[in-house]
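The values are calculated or read from the model by the stated rules, or taken from the named source; none is laboratory data. Note that this is a predicted model, so its numbers are computed, not measured. Positions of Cβ are generated from backbone atoms using ideal geometry, with glycine treated the same way; all protein chains shown enter the neighbour counts.
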Ligand code: NAD
C-alpha cells in the first residue's frame, strides 16, 4: 500500500517525515485526528528494521491515541512520533532539538511527550525548541505510576464482569514485563493480595521487584509466561505479544495490561481471544492513565489527586465497552472503536 493509501485506510490527517542528516535525525510524526483538539502522543525511539515498520507503528499508535483521548473524555486529538534509531547509542542533544524544531513547525497541531525509548531528560532538550511538549521534569513527570493505577482499576472492571466481584485478592495474575508500568502495577496487585507471576527479558528487573515486594511474586521465564495458569494475563512489555502463536497457549479468563498495540493483528487476534472466551480490555482504554496525566499538565494547574480520580473513570468506561460488546456479541476492541467514533461524531 502507498503512504496515501495507508493514510486513507487509517484515517490520518497528516504524516510528516523529518530528516536532519547532520544530527542523524530520521523521524515520522503522524497526526491522526484533531477533531477533539491538538494531537497529543509520545515520541518513541526504536531501532526499526525497516522504514515501513516504523511507518506502520506510528500510524497505528497515533490512531489509538485518538481513540484513547476520546474514550478518556479529553479534548485532545491523536498523534504519535517515532525516531528511527537505537535509544542506547544514538541519542544526542542535537537530535532531540532537531526533532523539537519539527514539532514547533507544526504550530501546536501536534504535542509530544515521552514514550518507549525516550525519557523526561530527552523532553527537556525538545523543550529548548518548542513549548509543545509535555511530561517535562518538575511537572506531571513520569506517567508510569498513573498508567499503572489505571490498569489496576481496569483489571478490577474486568474481574467484575467475569467473576461478579472486582476484588483481586486471591487472584493469580501473570505479568509480562517488569518495566516502569509493571513495577507500579505489581505493587497495587500485591497490596490487594493477588499472587503475581512475572517475566522480563532482563531477569534482574524481576529480581529487584521481588526484593522490593516479597514472596507474592514468582519469577517466570519470558517464553513460559503465556503458559501460566492464571485469572489475568497482563501484557506490560512491548506490542504484538498476543498473536496466533501465543493466544492458543493462554490459560486465563482475562487479558488486561498496559502495553500499547498488544494484538499483533488487531482484528484477527481480537477475534481469537473472543472465540476463546477470554475477556480483552482494549489497550488504549485501559492504559489511558498516562495520557490523562499529561492532559492535566496541559490544562494548567496539575493536581495529582484530581488526576487519579479521573483515572478511576477507566473502570466505568471499560464496563460500557464490555456491555456494548456483549450486546453485539463482538470483541471489545470493536465496541471501543465504535464508542470512540460516536464521540468523534459529536
Ligand atoms: P519499560 O521499557 O519501562 O518496560 C518494558 C519492559 O518490558 C522492560 O523491562 C523490557 O525489558 C520488558 N520486555 C521487553 N520485551 C519483553 C518480552 N518479550 N518479555 C518480557 N519482558 C519484555 O516501558 P513502560 O513505560 O513500562 O511501558 C510498558 C508498555 O506500556 C509499553 O508498551 C508502553 O508503550 C505502554 N505504555 C506505557 C505508558 C507509561 O506511562 N509508561 C503509558 C501507556 C502505555
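Some values worked out for this structure:
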item	result
Tally, over region 132-177, of residues that are away from the ligand (no atom under 16 Å from the Cβ), in contact with a strand residue (DSSP E or B) (Cβ under 9 Å, 6 or more places away or on another chain) and not assigned by TED's automatic domain parsing to the domain that holds residue 280	1
Matching option when the condition is modelled with pLDDT of 95 or more and touching a strand residue (DSSP E or B) at 6+ places or on another chain (Cβ under 8 Å), among 278, 247	278
Qualifying residues in region 120-132 (those that are in a helix (DSSP H, G or I) and under 16 Å from residue 79 (Cβ atoms)) - the one modelled with the lowest pLDDT	123
Residue within region 245-254 that is closer than 23 Å to residue 291 by Cα and outside any helix (DSSP H, G or I) present	no
Selection from region 323-336 of residues that are assigned to a helix (DSSP H, G or I) and buried (at least 22 other Cβ atoms within 10 Å of the Cβ)	325, 332, 333, 336
Any chance residue 270 is closer than 28 Å to residue 195 by Cα, more than 15 Å from the ligand (Cβ to nearest atom) and buried (at least 17 other Cβ atoms within 10 Å of the Cβ)	yes
Filtered residue count, region 273-286, keeping only those that are in a loop (DSSP other than H, G, I, E, B) and either more than 16 Å from the ligand (Cβ to nearest atom) or free of Cβ contacts under 8 Å to residues at least 12 places away in the same chain (or both)	3
Filter result (surrounded by fewer than 21 Cβ atoms within 10 Å (Cβ to Cβ), within 24 Å of residue 284 (Cβ to Cβ) and out of contact with any helix residue (DSSP H, G or I) (no Cβ under 9 Å at 6 or more places or on another chain)) within region 218-239	238
Those strands (runs of 3 or more DSSP E) lying entirely in region 1-113 with at least 3 residues farther than 30 Å from residue 314 by Cα	14-20, 25-33
Total residues in region 253-303, condition farther than 17 Å from residue 72 by Cβ and not assigned by TED's automatic domain parsing to the domain that holds residue 335	2
Enumerated strands (runs of 3 or more DSSP E) restricted to region 195-244, each holding at least 2 residues that are within 24 Å of residue 160 (Cα to Cα), at pLDDT 95 or above and assigned by TED's automatic domain parsing to the domain that holds residue 172	195-199, 232-235
The lone exception for residue 180 - which of (1) more than 12 Å from the ligand (Cβ to nearest atom); (2) closer than 24 Å to residue 42 by Cα it fails	(1)
Options 170, 135; residue that is farther than 30 Å from residue 323 by Cα, in contact (Cβ under 8 Å) with a residue 12 or more places away in the chain and not in a helix (DSSP H, G or I)	135
Residue tally, condition touching a helix residue (DSSP H, G or I) at 6+ places or on another chain (Cβ under 6 Å), assigned to a helix (DSSP H, G or I) and at pLDDT 95 or above, over region 173-182	1
Any hit, region 14-22, residues being more than 23 Å from residue 265 (Cβ to Cβ) and touching a helix residue (DSSP H, G or I) at 6+ places or on another chain (Cβ under 6 Å)	yes
